[in-house]
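A short write-up of the structure that comes next.
The values are calculated or read from the model by the stated rules, or taken from the named source; none is laboratory data. Bear in mind that the values here come from a model prediction, so they are computed numbers and not experimental data. Virtual Cβ from ideal backbone geometry, glycine too; neighbours counted across all protein chains shown. Quick note on the areas: whole protein, heavy atoms, side chains included, nothing else; ligands and nucleic acids left out. Shrake-Rupley method; radii C 1.70, N 1.55, O 1.52, S 1.80 Å.
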Amino acid sequence: MVGLALSRAGLNRLSPQATAVLLLAANAPDIDVVSAAGGSLAYLHYHRHLTHSLLMAPVMALLPVLLVRLATRKPISWPMAYVASLIGVASHLALDLTNMYGVRLLLPFSARWLRLDLTSIVDPWILTALLLAVVAPALSRLVAGEIGAPSQPGRTPALLALAFVLLYNGARAVIHQRALGILDSRIYLGSPPLRIAAFPDTFNPFAWRGLVEGSRFDALFDLDVRKPFDPTTGPFFYRAEDSPALRRAAETEAFQVFQTFAQYPFWTVTPVSDPPNGYRVQLSDMRFGTPRRGGFKAIAILDAQLRVVKSWFAFTAQASARGN
């Protein structure tokens with residue numbers, strides 16, 4: 001829908017095939033979805049990898065132009081079509097940057113995840129605005145056809161939708177800073193926070209999921225910037241101390257891959273009866289759920305001799321265990 005909005009906003013004038021190019025280009029970086037064929041761990045590692053980097057953006061922008069040229073078998077204005085494609089790819093990277101999942105723009109020079117934490121991975125307000133921009137011209141043509149009036153072009157709805165996305169993210173950035181300021185100005189269990197974060201609510205721009213890291217704990221808060229904030233509400237989760245079981249689990253493939261992704265890692269080590277005197281080691285990312293429920297996590301089961309019985313990565317707490 002972003003590619004279509006960009007086209008209707010005026011980029012379709014760059015080339016006769018600009019609309020098709022933009023539709024492909026706005027989705028081109030997600031070609032890495034093919035990594036899912038290798039399982040959830042491979043997908044975690046390769047999703048938003050090189051195809052989402054700034055270095056590869058010019059290459060990714062070339063692919064839609066080539067595909068359109070081959071599919072249509074018609075001459076194409078290569079320079080202008082390429083410019084349109086590059087804009088489409090850039091729009092994808094920009095939107096990925098705004099959400100809480102993040103994107104590795106600096107690969108292969110740096111594997112650092114960059115994120116603004118402004119929107120959920122799927123934002124209903126952005127989707128609604130773009131959907132209206134797609135539907136409005138069709139409704140306009142339908143009404144115009146019924147009453148015999150000239151139909152209105154789709155440029156205005158597209159421009160309004162794109163303007164909304166920019167203004168919406170700008171407003172969320174301001175509110176996000178307010179949420180961070182509230183979290184940073186409080187004392188938690190007698191100490192100031194070591195690190196803070198605020199993650200967006202899916203529907204309410206004023207509501208955030210606050211995360212506070214202390215020396216031994218992580219605390220989560222439901223925060224609304226319009227309401228008083230109580231730093232004692234929690235819940236508070238206490239991290240596991242370093243141990244041989246934890247270090248052994250960290251050596252497994254599932255944990256090593258997950259550690260490159262997790263931005264707010266939280267470790268737990270709990271005894272289990274199967275195997276006897278064994279351990280369950282879990283690494284969670286506090287951006288997604290809690291150590292007890294939901295979220296992305298790596299899990300390992302160790303026996304009494306600290307041998308890894310099985311380890312796996314799961315998208316949710318209910319995901320089935322898959323041994324490595």
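A few remarks follow.
- Looking only at the stretch 161-197, and only at residues there that are touching a helix residue (DSSP H, G or I) at 6+ places or on another chain (Cβ under 7 Å) and assigned to a helix (DSSP H, G or I), the one that is most open to solvent (accessible area, probe 1.4 Å): Phe164
- Considering Thr316, Thr252, Thr232, the condition of being open to solvent by less than 80 Å² (accessible area, probe 1.4 Å) and under 27 Å from Ala197 (Cα atoms) is satisfied by Thr316 alone.
- When residues of the stretch 102-133 are limited to those that are among the basic types (Lys, Arg) and touching a residue at least 12 places away in the same chain (Cβ under 8 Å), the one nearest to Leu159 (Cα to Cα): Arg115
- Restricting attention to the stretch 87-135 and to residues that are basic (Lys, Arg) and open to solvent by 40 Å² or more (accessible area, probe 1.4 Å), the residue that is farthest from Phe164 (Cα to Cα) turns out to be Arg112.
- Wholly enclosed helices (runs of 4 or more DSSP H) of the stretch 1-54 bearing at least 3 residues within 30 Å of Glu253 (Cβ to Cβ) and not aliphatic (A, V, I, L, M): 40-46
- When residues of the stretch 251-282 are limited to those that are hydrophobic (A, V, I, L, M, F, W, C) and farther than 16 Å from His45 by Cα, the one farthest from the chain's Cα centre (by Cα): Val272
- The residue that is surrounded by the fewest Cβ atoms within 10 Å (Cβ to Cβ), counting only those in the stretch 39-55 that are hydrophobic (A, V, I, L, M, F, W, C) and touching a residue at least 40 places away in the same chain (Cβ under 8 Å), is Leu55.
- Residues that are among the basic types (Lys, Arg) and either open to solvent by 80 Å² or more (accessible area, probe 1.4 Å) or in contact (Cβ under 8 Å) with a residue 60 or more places away in the chain (or both) within the stretch 202-229 comprise Arg216, Arg226, Lys227, listed in sequence order.
- Among the residues making up the stretch 1-22, those that are open to solvent by 60 Å² or more (accessible area, probe 1.4 Å) and over 20 Å from Asp123 (Cβ atoms) are Arg8, Asn12, Arg13, Pro16.
- Flag: Ala26 matches the condition of being under 28 Å from Phe315 (Cβ atoms), in contact with a Gly (Cβ under 7 Å, 6 or more places away or on another chain) and open to solvent by less than 70 Å² (accessible area, probe 1.4 Å).
- Of all the numbered requirements in (1) over 17 Å from Pro58 (Cβ atoms); (2) touching a Pro at 6+ places or on another chain (Cβ under 9 Å); (3) assigned to a helix (DSSP H, G or I), Leu86 misses one, and that requirement is (1).
- Residue pairs meeting the criteria (Cβ under 7 Å; at least 6 apart or on separate chains; first within 16 Å of Leu14 (Cβ to Cβ) and open to solvent by less than 70 Å² (accessible area, probe 1.4 Å), in the stretch 59-71; second at pLDDT 95 or above and among the β-branched types (Val, Ile, Thr)): Ala61/Val89; Pro64/Val21; Val65/Val21; Val68/Val21
- Residues of the stretch 191-213 classified as touching a strand residue (DSSP E or B) at 6+ places or on another chain (Cβ under 6 Å), of a type outside the set (A, V, I, L, M, F, W, C) and over 15 Å from Ile175 (Cα atoms), total: 3
- Tyr279 vs. criteria in contact with a strand residue (DSSP E or B) (Cβ under 7 Å, 6 or more places away or on another chain), at pLDDT 95 or above and open to solvent by less than 30 Å² (accessible area, probe 1.4 Å): no
- Residue count for the stretch 267-310, restricted to those that are polar (S, T, N, Q) and part of a strand (DSSP E or B): 4
- Tally of residues being free of Cβ contacts under 8 Å to residues at least 12 places away in the same chain, more than 17 Å from Gly154 (Cβ to Cβ) and more than 17 Å from the chain's Cα centre (by Cα) across the stretch 1-38: 3
- Any chance Gly234 is farther than 27 Å from Tyr43 by Cα, among the small types (Gly, Ala, Ser), out of contact with any helix residue (DSSP H, G or I) (no Cβ under 6 Å at 6 or more places or on another chain) and not in a helix (DSSP H, G or I): yes
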